[in-house]
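The values are calculated or read from the model by the stated rules, or taken from the named source; none is laboratory data. This one's a predicted model, so the numbers in the text were calculated from it and none came from an experiment. Heads up: the accessible areas ignore ligands, DNA and RNA and are worked out on the full protein's heavy atoms, side chains in. Shrake-Rupley method; radii C 1.70, N 1.55, O 1.52, S 1.80 Å.
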Amino acid sequence: QVHLVESGGGLVQAGGSLRLSCAASGSIFSFDVMCWNRQAPGKQRELVAGISSGGSTRYADSVKGRFTISRDNAKNTVHLQMNSLKPEDTAVYYCYARRGDYQYWGQGTQVTISS
């Protein structure tokens, strides 16, 4: 059983930064892709950033140039560095991983940006 545990959420002012971490219970080498998604109140969950096993990345247009996804294979961890945060970034952020036909989600971490 794979477990994903997010950390690093919190309350910051607009313009500030946060770094989210997603720690996997096993090696992340076996995951085809790992992503960060978010869900704001009353809205659908959306993809924020993803990174493939080969290191290719993709970002939602709304976060390009502000967020950076990275992976630390030695620590089985994926990070999301979030800079220049805006109130509209407020959401619960979820870590996601896929291995073949199997998908895994973390429990989420709250990010709140005050104006």
Tell me, what is the 1.4 Å probe accessible area of residue 51, in Å² to the nearest 10? 10
Give the distance, in whole Å, between the Cα centre of segment 62-105 and the Cα centre of segment 1-47. 4
Can you tell me the accessible area per residue over the chain, all protein chains present, probe 1.4 angstrom, in square angstrom? 53
Ordered by residue, what ³J(HN,Hα) values in Hz, to whole numbers, does segment 34-45 give under the Karplus form 6.51 cos²θ - 1.76 cosθ + 1.60, where θ = phi - 60° and Gly and Pro are x? 10, 9, 10, 10, 9, 9, 8, x, x, 10, 6, 5
Heavy atoms only, probe 1.4 Å: what % of the accessible area of the chain goes to carbon and sulfur, would you let me know? 46
Partner lysines whose C-alpha sits under 30 Å from that of residue 43, ignoring same-chain residues fewer than 8 away, are 64, 86
Cα-based shape type of segment 9-55, given that a ≥ b ≥ c are square roots of the gyration tensor eigenvalues and the cut on a/c is 1.5: prolate
Taking only the alpha-carbon positions of the chain as identical scatterers, the Debye log10 I(q)/I(0) at q = 0.10, 0.16, 0.17, 0.18 Å⁻¹ comes out as -0.26, -0.66, -0.75, -0.84
